[in-house]
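Visitor: One structure coming up, written as structure tokens, with questions to follow.
The values are calculated or read from the model by the stated rules, or taken from the named source; none is laboratory data. These numbers were taken from a predicted model, which means no experiment stands behind them. All Cβ positions, even for glycine, are placed from backbone atoms using ideal geometry, and neighbour counts span all protein chains on display. To get the accessible areas, we keep the full protein, side chains included, count just its heavy atoms, and leave off ligands, DNA and RNA. Shrake-Rupley method; radii C 1.70, N 1.55, O 1.52, S 1.80 Å.
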Amino acid sequence: MFDEVSGRRRAIWIGAGYAAQGFGYAAVVTALPAFKSRQHIGDAYVSVILLLVCVAAAGGSILADRTAARWGSRYALSGGLLAVAAGLGLTTFHTPTPVFTAILIAYGIGLGAVDASLSMQGVLVQARLGRSVMSRLFAAYTAAAITAALLMSGNAASGGGAALSVGAAAVFAALVVVLGFSSFEPARTVLPEHDGGGKRSDGTRHVVWVCGAFIFTAFLADSAVSTWSSVYLHDTLLATAAVVPLGYAAYQAAVLVSRLAGDHVVPRIGRAAAAIGCLLVCAVGLGLVVVLPVILAAIVGFALTGIGVGILVPLAFSAAGHAAPGNSDEVIARVNLFNYGGALVGAVLLGALSEPVGLQTAFLIPVIGLLATLPVVRALRRLPNEPGVVPAPATAPR
């Protein structure tokens with residue numbers, strides 16, 4: 001019988017899964033300069049690899065949906081984490097560039113599977129506990145990502161090399177599966193009955209588009225800051241080497257703080273009001289970057305963006321799960337696909353505009369996206385907001 005103690009244990013291990021994902025992703029991103037040097041590849045090839053990883057991650061998200069539908073999302077999470085661990089571990093070895101590329105594509109499949117299944121697990125355990133915990137689960141991801149970046153910095157300073165950090169991330173992901181599998185949420189959600197024509201009439205598509213819009217916009221802003229904040233500070237504002245990382249550091253610190261507070265704030269003010277606040281705070285933050293080309297203003301603007309993004313992402317996934325309690329696994333997997341679309345647009349479009357108009361003006365793209373998403377809040381208000389889930393035996397096929 002489910003009780004508070006077992007619920008907390010499950011939440012802790014699911015949080016460990018978020019931490020493993022954040023640690024591994026940050027390790028890969030911060031290891032890119034070392035990978036470039038070792039594999040003798042340029043920025044153009046790195047861009048191609050990142051595109052392929054995003055496409056593979058989208059496929060991994062779909063695979064997680066299929067796996068969760070048949071056996072439960074804990075199997076999708078475990079398989080994804082093992083793929084991530086294997087991919088991370090293999091990148092620490094010098095291999096021919098085509099093999100290295102294939103390894104990262106395999107890592108991307110695991111990345112997408114873990115992204116989707118973690119949110120499935122989070123919605124399930126949140127419903128079991130009867131209170132909001134999604135923001136704190138995402139906070140574990142952010143804290144681990146910050147830790148990985150600091151570890152990479154320390155290893156580089158001591159001459160240890162990137163392989164140590166990436167290898168540690170691989171071991172961590174594998175340990176979470178081995179030690180935590182029995183504590184992952186075993187339930188899955190039950191699909192509603194289809195109508196006579198075989199087409200679902202439960203409003204699933206509407207939920208996916210509404211919640212997906214928020215995920216797309218959040219990751220558009222996230223990718224813009226993550227990819228281009230340091231470049232903007234260095235190339236446009238001529239910041240010193242010591243100051244350049246502070247924009248991204250301020251962003252990640254703000255994301256962490258907002259996620260630690262989100263589970264307390266959102267239930268009190270309501271998810272619609274929280275969504276409006278997040279969108280406006282992000283828009284103001286990036287607007288500050290656009291209108292005031294000063295180093296301090298840019299760092300403050302990136303931090304404000306982090307406050308909004310930190311709450312908006314878990315809010316959207318929670319809303320998707322609550323709006324389709326009998327089908328949350330599939331809905332979340334589909335909503336998760338918008339993640340990669342927003343990330344690609346934020347990274348690629350701003351980069352394409354950096355030459356003709358400059359990065360300062362290019363940051364208007366996420367501002368426009370954030371403001372354009374405000375009308376979607378009206379549709380969010382109309383979505384069901386019942387945190388219940390319909391559990392079924394994890395091993396029973398659909």
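Visitor: Whether any residue in region 58-65 is over 24 Å from ALA347 (Cβ atoms), touching a residue at least 24 places away in the same chain (Cβ under 8 Å) and crowded, with 19+ Cβ neighbours inside 10 Å is what I want to check. Walk me through how you get there before you give the answer.
Guide: Step one: of region 58-65, the residues over 24 Å from ALA347 (Cβ atoms) are 65.
Among the residues that remain, those that are also touching a residue at least 24 places away in the same chain (Cβ under 8 Å) are: 65.
The next check asks that each one be crowded, with 19+ Cβ neighbours inside 10 Å; those that pass are 65.
Checked against the condition, which is being over 24 Å from ALA347 (Cβ atoms), touching a residue at least 24 places away in the same chain (Cβ under 8 Å) and crowded, with 19+ Cβ neighbours inside 10 Å, region 58-65 yields at least one hit.
Visitor: Now for a different question. How many residues are within 17 Å of ARG9 (Cα to Cα) and surrounded by fewer than 24 Cβ atoms within 10 Å (Cβ to Cβ) if we restrict to region 104-126?
Guide: Looking only at that region, the number is 0.
Visitor: Another question, then. State yes or no: is THR92 of a type in the set (Val, Ile, Thr), surrounded by fewer than 24 Cβ atoms within 10 Å (Cβ to Cβ) and touching a Gly at 6+ places or on another chain (Cβ under 6 Å)?
Guide: Numbers: of a type in the set (Val, Ile, Thr): yes; surrounded by fewer than 24 Cβ atoms within 10 Å (Cβ to Cβ): yes; touching a Gly at 6+ places or on another chain (Cβ under 6 Å): yes.
Against the criterion (of a type in the set (Val, Ile, Thr), surrounded by fewer than 24 Cβ atoms within 10 Å (Cβ to Cβ) and touching a Gly at 6+ places or on another chain (Cβ under 6 Å)), THR92 qualifies.
Visitor: Further question on the same structure: Only one residue in LEU129, LEU137 is surrounded by 24 or more Cβ atoms within 10 Å (Cβ to Cβ) and modelled with pLDDT under 95. Which one?
Guide: On the way: LEU129 fails: surrounded by 24 or more Cβ atoms within 10 Å (Cβ to Cβ).
Just a single option satisfies the conditions, and that option is LEU137.
Visitor: Tell me the helices (runs of 4 or more DSSP H) entirely within region 26-144 that contain at least 1 residues that are acidic (Asp, Glu), under 15 Å from the mean Cα position of the chain (by Cα) and at negative phi.
Guide: Working: elements: 43-71, 73-91, 97-129.
Those helices (runs of 4 or more DSSP H) span 97-129.
Visitor: Let me ask something additional. Within region 230-247, track down each residue that is over 21 Å from ARG259 (Cα atoms) and either within 24 Å of the chain's Cα centre (by Cα) or assigned to a helix (DSSP H, G or I) (or both).
Guide: Of all residues in region 230-247, those over 21 Å from ARG259 (Cα atoms) come to 230-245.
Across region 230-247, the qualifying residues are SER230, VAL231, TYR232, LEU233, HIS234, ASP235, THR236, VAL244, PRO245.
Visitor: Given the criteria out of contact with any Leu (no Cβ under 8 Å at 6 or more places or on another chain) and touching a residue at least 24 places away in the same chain (Cβ under 8 Å), does LEU50 qualify? Break it down stepwise before answering.
Guide: Working: out of contact with any Leu (no Cβ under 8 Å at 6 or more places or on another chain): yes; touching a residue at least 24 places away in the same chain (Cβ under 8 Å): yes.
Spelling it out, LEU50 is indeed out of contact with any Leu (no Cβ under 8 Å at 6 or more places or on another chain) and touching a residue at least 24 places away in the same chain (Cβ under 8 Å).
Visitor: Of these, GLY326, GLY346, which one is under 28 Å from VAL243 (Cβ atoms), touching a residue at least 24 places away in the same chain (Cβ under 8 Å) and not hydrophobic (A, V, I, L, M, F, W, C)? Spell out how you get there, then give the answer.
Guide: Numbers: GLY326 fails: under 28 Å from VAL243 (Cβ atoms).
Step by step, each of GLY326, GLY346 is checked, and only GLY346 is under 28 Å from VAL243 (Cβ atoms), touching a residue at least 24 places away in the same chain (Cβ under 8 Å) and not hydrophobic (A, V, I, L, M, F, W, C).
Visitor: Conditions: (1) assigned to a helix (DSSP H, G or I); (2) open to solvent by 70 Å² or more (accessible area, probe 1.4 Å); (3) modelled with pLDDT under 90. SER201 meets all but one. Number of the miss?
Guide: (1)
Visitor: Further question on the same structure: So which of SER47, SER73, SER6, SER61 ends up being in contact with a strand residue (DSSP E or B) (Cβ under 8 Å, 6 or more places away or on another chain) and of a type in the set (Ser, Thr, Tyr)?
Guide: Values: SER47 fails: in contact with a strand residue (DSSP E or B) (Cβ under 8 Å, 6 or more places away or on another chain); SER6 fails: in contact with a strand residue (DSSP E or B) (Cβ under 8 Å, 6 or more places away or on another chain); SER61 fails: in contact with a strand residue (DSSP E or B) (Cβ under 8 Å, 6 or more places away or on another chain).
Criteria check complete, one pass: SER73.
Visitor: Shifting gears a bit: In region 351-378, how many are of a type in the set (A, V, I, L, M, F, W, C), under 17 Å from TRP228 (Cα atoms) and buried (at least 24 other Cβ atoms within 10 Å of the Cβ)?
Guide: Selection size over region 351-378: 1.
Visitor: Is it true that some residue in region 264-276 is over 26 Å from PRO375 (Cβ atoms) and not small (Gly, Ala, Ser)? Give the steps one after another, and end with the answer.
Guide: Looking only at region 264-276, we keep the residues that are over 26 Å from PRO375 (Cβ atoms), and these are 264.
This time we only want the ones that are not small (Gly, Ala, Ser), so: 264.
Yes: region 264-276 contains one or more residues that are over 26 Å from PRO375 (Cβ atoms) and not small (Gly, Ala, Ser).
Per-residue answers, yes or no, for (1) under 16 Å from ALA31 (Cβ atoms); (2) small (Gly, Ala, Ser); (3) out of contact with any Leu (no Cβ under 6 Å at 6 or more places or on another chain):
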{"residue": "THR95", "(1), (2), (3)": "yes, no, yes"}
{"residue": "ALA116", "(1), (2), (3)": "no, yes, yes"}
{"residue": "ARG131", "(1), (2), (3)": "no, no, yes"}
{"residue": "SER135", "(1), (2), (3)": "no, yes, yes"}
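Visitor: Could you grab me the full set of residues in region 148-189 that are of a type in the set (Val, Ile, Thr), part of a helix (DSSP H, G or I) and crowded, with 17+ Cβ neighbours inside 10 Å? Even if it seems obvious, please write down each step before you answer.
Guide: Restricting attention to region 148-189, the residues satisfying the condition of being of a type in the set (Val, Ile, Thr) are 166, 171, 176-178, 189.
Narrowing further to those that are part of a helix (DSSP H, G or I): 166, 171, 176-178.
Across region 148-189, the qualifying residues are VAL166, VAL176, VAL177.
Visitor: I'm told ALA298 meets every condition in (1) open to solvent by 20 Å² or more (accessible area, probe 1.4 Å); (2) over 18 Å from PHE219 (Cβ atoms); (3) part of a helix (DSSP H, G or I) except one. Can you identify the failing condition by its number?
Guide: That leaves (1) as the condition not met.
Visitor: Just the residues that are open to solvent by less than 10 Å² (accessible area, probe 1.4 Å), in contact (Cβ under 8 Å) with a residue 60 or more places away in the chain and over 18 Å from TYR141 (Cβ atoms), please, taken from region 221-258.
Guide: Hits for region 221-258 are ALA224, SER229, TYR232, LEU233.
Visitor: Does VAL345 count as surrounded by fewer than 23 Cβ atoms within 10 Å (Cβ to Cβ) and either at pLDDT below 90 or hydroxyl-bearing (Ser, Thr, Tyr) (or both)? Before the answer, list the steps.
Guide: Values: surrounded by fewer than 23 Cβ atoms within 10 Å (Cβ to Cβ): yes; either at pLDDT below 90 or hydroxyl-bearing (Ser, Thr, Tyr) (or both): yes.
It is true that VAL345 is surrounded by fewer than 23 Cβ atoms within 10 Å (Cβ to Cβ) and either at pLDDT below 90 or hydroxyl-bearing (Ser, Thr, Tyr) (or both).
Visitor: May I pose another question? Do we have PHE317 as closer than 15 Å to ALA224 by Cβ, among the aromatic types (Phe, Trp, Tyr) and either in a helix (DSSP H, G or I) or under 20 Å from the mean Cα position of the chain (by Cα) (or both) here?
Guide: No, not satisfied.
Visitor: ASN339: open to solvent by less than 20 Å² (accessible area, probe 1.4 Å) and under 14 Å from the mean Cα position of the chain (by Cα), yes or no? Can you show your working first?
Guide: Numbers: open to solvent by less than 20 Å² (accessible area, probe 1.4 Å): yes; under 14 Å from the mean Cα position of the chain (by Cα): yes.
Answer is yes for this residue.
Visitor: Select from region 209-220 the residues that are of a type in the set (Phe, Trp, Tyr) and open to solvent by 20 Å² or more (accessible area, probe 1.4 Å) and write down the one among them that is farthest from VAL309 (Cα to Cα).
Guide: Taking region 209-220 as the starting set, the residues that turn out to be of a type in the set (Phe, Trp, Tyr) are 209, 214, 216, 219.
From what's left, open to solvent by 20 Å² or more (accessible area, probe 1.4 Å): 209, 216, 219.
On the way: TRP209: 18, PHE216: 11, PHE219: 8 Å.
Here the answer is TRP209.
Visitor: Go over the candidates LEU288, LEU312 one by one and state the one that is touching a helix residue (DSSP H, G or I) at 6+ places or on another chain (Cβ under 9 Å) and open to solvent by 10 Å² or more (accessible area, probe 1.4 Å).
Guide: On the way: LEU312 fails: open to solvent by 10 Å² or more (accessible area, probe 1.4 Å).
Only one candidate passes the filter, namely LEU288.
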